[in-house]
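The values are calculated or read from the model by the stated rules, or taken from the named source; none is laboratory data. Note that the structure is a prediction, hence the values are computed from the model and not measured. Note that we place each Cβ from the backbone using ideal geometry, even for glycine, and neighbour counts take in every protein chain shown.
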Amino acid sequence: MAKDFLALNQYTKEELDALLALARDLKAKQKAGVGHPLLTGKSVALIFEKSSTRTRISFEVGVYQLGGQPLFISSGTSQMGRGEPIKDTARTISRYCDGVMIRTYGQEIVEEFAKFASVPIINGLTDLFHPCQVMADLQTVIEHKGGYAGLKFAWVGDGNNMANTWIEAAAIFGFDLALACPQGYEPDRQVWEWAQAKAPGRITITEDPEEAVRDADVLNTDVWASMGQEAEQKQREIAFQGYCLDDELVGLAKPDCIVMHCLPAHRGEEIAESVIEGPRSVVWDEAENRLHIQKAIMATLMG
């Protein structure tokens, strides 16, 4: 298994399945009040260049539940914010801590950090990938559907870091994925080409949301303008008209479909209030599972 957790493409299906199985076990232990101090005496640095609710809380609580010490570091109040080279920070923190989680902008930042660090590095989110979130989503699918094999997954909206990571997941795990993205907002080309070579025919992209969601088992979306794209909000609102997961669009999927959103959600934009609060929504289970899958990742890499 790779030293770091930077993207799903570092791992085999069997390795990722093992992480999902461990996450289910750790979740069961936590619900039963059974201790699982797999990181006793260890410290994990949590570096944030982007603001966060779920990532920060789930990682801090996760390290604590594993018996370790979480250390929150805001780049704006550290030497990173004053221009210290990434490689210097990585080599220094490696002398203090047993692992690092980074939530930042460029994928190249976490990759450089991992190159110079001697401890495991976890990608808590970049503009290119969000692997912890998609693994939590898959854990949620398994809980509600009994597995992922044979299901049709649909993505509606921006071809962002979540869409890129779903493309990787579909290619690795071998399920069908249909993405609906407006022209000019498609997923990363290199990610798409890698996935097509690995799993030809499994993944399709269309500009028609109805085509993507028809007969789908799992529906997924995200905000139209992610962090750092706020200046494009008005432009994106125009481009994404018709890409809202509303009752009409959800009605084209299978009657027992589930609806997911990584949060935060802009109700009335990419998802309707009636859908996110409706009976098909598993959004809160999905949010909770960030805690459990991240504990599995940390326990595997650092335990």
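Checked against the criterion of being touching a Cys at 6+ places or on another chain (Cβ under 8 Å) and surrounded by fewer than 22 Cβ atoms within 10 Å (Cβ to Cβ), region 67-77 has at least one qualifying residue.
Going by the structure shown, is Val100 among the β-branched types (Val, Ile, Thr), farther than 14 Å from Glu49 by Cβ, not in a helix (DSSP H, G or I) and not assigned by TED's automatic domain parsing to the domain that holds Trp192? No, not satisfied.
For region 226-242, residues that are in contact (Cβ under 8 Å) with a residue 24 or more places away in the chain and either surrounded by 17 or more Cβ atoms within 10 Å (Cβ to Cβ) or among the aliphatic types (A, V, I, L, M) (or both) total 5. The selection criterion, being surrounded by fewer than 23 Cβ atoms within 10 Å (Cβ to Cβ), in contact with a Gly (Cβ under 8 Å, 6 or more places away or on another chain) and of a type in the set (Ser, Thr, Tyr), does not hold for Tyr148. In region 107-148, of all residues being of a type in the set (D, E, K, R) and part of a helix (DSSP H, G or I), the one that is farthest from the chain's Cα centre (by Cα) corresponds to Lys115. When restricted to residues that are exposed (fewer than 15 other Cβ atoms within 10 Å of the Cβ) and either in contact with a helix residue (DSSP H, G or I) (Cβ under 9 Å, 6 or more places away or on another chain) or of a type in the set (Lys, Arg) (or both), region 192-211 contains 5.
Does Leu46 satisfy being in the same structural domain as Met298 (by TED's automatic domain parsing), within 20 Å of Asn123 (Cα to Cα) and crowded, with 21+ Cβ neighbours inside 10 Å? Spell out how you get there, then give the answer.
Working: in the same structural domain as Met298 (by TED's automatic domain parsing): yes; within 20 Å of Asn123 (Cα to Cα): yes; crowded, with 21+ Cβ neighbours inside 10 Å: yes.
Answer is yes for this residue.
What is the residue count in region 271-296 for residues that are surrounded by fewer than 23 Cβ atoms within 10 Å (Cβ to Cβ) and either under 16 Å from Thr140 (Cα atoms) or not hydroxyl-bearing (Ser, Thr, Tyr) (or both)?
The first filter runs over region 271-296 and keeps only residues surrounded by fewer than 23 Cβ atoms within 10 Å (Cβ to Cβ), leaving 272-274, 276-285, 287-288, 291.
In the following step, the residues that additionally are either under 16 Å from Thr140 (Cα atoms) or not hydroxyl-bearing (Ser, Thr, Tyr) (or both) were identified as 272-273, 276-285, 287-288, 291.
Summing the residues that are surrounded by fewer than 23 Cβ atoms within 10 Å (Cβ to Cβ) and either under 16 Å from Thr140 (Cα atoms) or not hydroxyl-bearing (Ser, Thr, Tyr) (or both) in region 271-296 gives 15.
Can you find even one residue in region 96-103 that is surrounded by fewer than 19 Cβ atoms within 10 Å (Cβ to Cβ) and modelled with pLDDT of 95 or more? Among the residues of region 96-103, at least one is surrounded by fewer than 19 Cβ atoms within 10 Å (Cβ to Cβ) and modelled with pLDDT of 95 or more, which makes the answer yes. Among residues of region 13-30 that are assigned by TED's automatic domain parsing to the domain that holds Leu291 and surrounded by 15 or more Cβ atoms within 10 Å (Cβ to Cβ), those with a beta-carbon under 8 Å from a residue that is in a helix (DSSP H, G or I) and among the aromatic types (Phe, Trp, Tyr) at least six positions away or on a different chain give the pairs Leu16/Phe173. The number of residues in region 225-251 that are assigned to a loop (DSSP other than H, G, I, E, B) and either under 17 Å from Cys181 (Cα atoms) or among the small types (Gly, Ala, Ser) (or both) comes to 11.
Screening Ser51 on (1) assigned to a helix (DSSP H, G or I); (2) in contact (Cβ under 8 Å) with a residue 12 or more places away in the chain; (3) surrounded by fewer than 21 Cβ atoms within 10 Å (Cβ to Cβ) shows it passes everything except condition (1).
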